[in-house]
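The values are calculated or read from the model by the stated rules, or taken from the named source; none is laboratory data. Quick caveat, the model's predicted, so the values are computed rather than measured. Note: ideal-geometry Cβ built from the backbone for every residue, glycine included; neighbour counts use all protein chains shown. The accessibility values were calculated without ligands, DNA or RNA, using every heavy atom of the protein model including side chains. Shrake-Rupley method; radii C 1.70, N 1.55, O 1.52, S 1.80 Å.
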Amino acid sequence: MSDIKQNLEIINNKIRAVEKESGRKEGSVKLMAVSKFHPVEAVIEAVNAGQTLFGENRVQEAYSKFPDVFKAYSQTELHMIGQLQTNKVKHAVEIASCIESVDRIELLQEIEKQCLKLNKQIKVLFEYHTGEESKSGFTSDEKLYEALDACKNGQFPHIIPAGFMTMAPFTEDKELIRKSFITLRLLAEKIKTEYPMLTLDELSMGMSGDFEIAIQEGSTLVRVGTAIFGQRVY
């Protein structure tokens with residue numbers, strides 16, 4: 001058994017165990033394999049081990065790897081999870097099914113513009129800043145609500161708001177990490193009651209070092225890279 005296949009089994013077993021311990025329904029948490037800085041061969045190895053959802057931080061890297069993966073394995077899906085510059089949106093929209101790192105209304109405007117050209121709809125998650133080290137995400141509730149209002153009012157017909165994402169602070173302090181996830185969960189619960197016309201069920205939170213805490217606090221999607229693929233290759 002390859003390391004990647006074995007690592008995927010270990011992570012999936014941990015996810016199922018924490019779901020059970022937390023009283024969550026089995027299968028309520030999805031695993032995203034974050035393949036940044038790893039070659040296409042590693043992605044294909046993961047696909048052959050049963051993994052279908054992947055995440056990439058950098059558009060250029062994703063664009064160089066995933067077209068060939070999609071041709072050979074049509075069941076695979078890619079989310080963009082890194083900070084996204086507006087000049088990279090065109091390629092991001094072409095290759096991804098979801099952009100998880102929406103942190104400003106100007107980005108939504110550019111995503112809509114590029115989706116219109118491609119006659120394509122795309123899911124987005126609103127990234128919310130909960131960790132001091134993270135430089136991305138909405139830092140103002142006012143700006144986030146402005147973006148939600150624009151979606152509610154039909155300004156972005158090609159965009160499907162699907163939920164929220166955050167990155168916990170990079171710290172050994174588990175209570176600080178937990179606080180980050182609780183902050184997003186409570187915000188999401190509040191917004192879902194205020195915007196019942198939008199389906200905002202996805203909570204993307206938790207990475208290799210903290211996904212178990214994230215699942216305990218309501219994550220529906222964990223983003224795991226190092227624990228699957230090992231240390232970065234390039």
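Of note:
- Listed residue pairs exceeding 28 Å between alpha carbons, taken from Lys20/Lys179; Lys65/Lys174; Lys36/Lys90; Lys5/Lys179: Lys65/Lys174; Lys5/Lys179
- Exposure rule at most 10 other beta-carbon atoms within 10 Å, DSSP loop GluC sites (Glu not before Pro): the chain longest free segment: 27-132
- Mean shadow area of the stretch 19-149 over all directions, Cα convex hull, nm²: 9.9
- Taking every C-alpha pair closer than 8 Å and separated by at least 6 residues, the mean separation divided by the residue count of the chain gives a relative contact order of 21 percent.
- For the stretch 8-62, a simple Cβ point-charge model (Lys and Arg +1, Asp and Glu -1, everything else neutral) yields a dipole of about 300 debye relative to the Cα centre.
- Per residue, the convex hull around the alpha carbon atoms of the stretch 1-79 comes to 92 Å³.
- On the stretch 141-234, 52 percent of the accessible area sits on carbon and sulfur atoms, based on a 1.4 Å probe.
- Lysines whose Cα lies under 22 Å from that of Lys152, excluding same-chain neighbours fewer than 8 positions away: Lys113, Lys117, Lys120, Lys123, Lys143, Lys190, Lys192
- Taking the stretch 129-234 and dividing mean pair separation by its residue count, relative contact order in percent (alpha carbons under 8 Å, at least six apart): 23
- Electrostatic dipole magnitude of the chain [Cβ: Lys, Arg +1; Asp, Glu -1; Cα centre; debye, to 20]: 480
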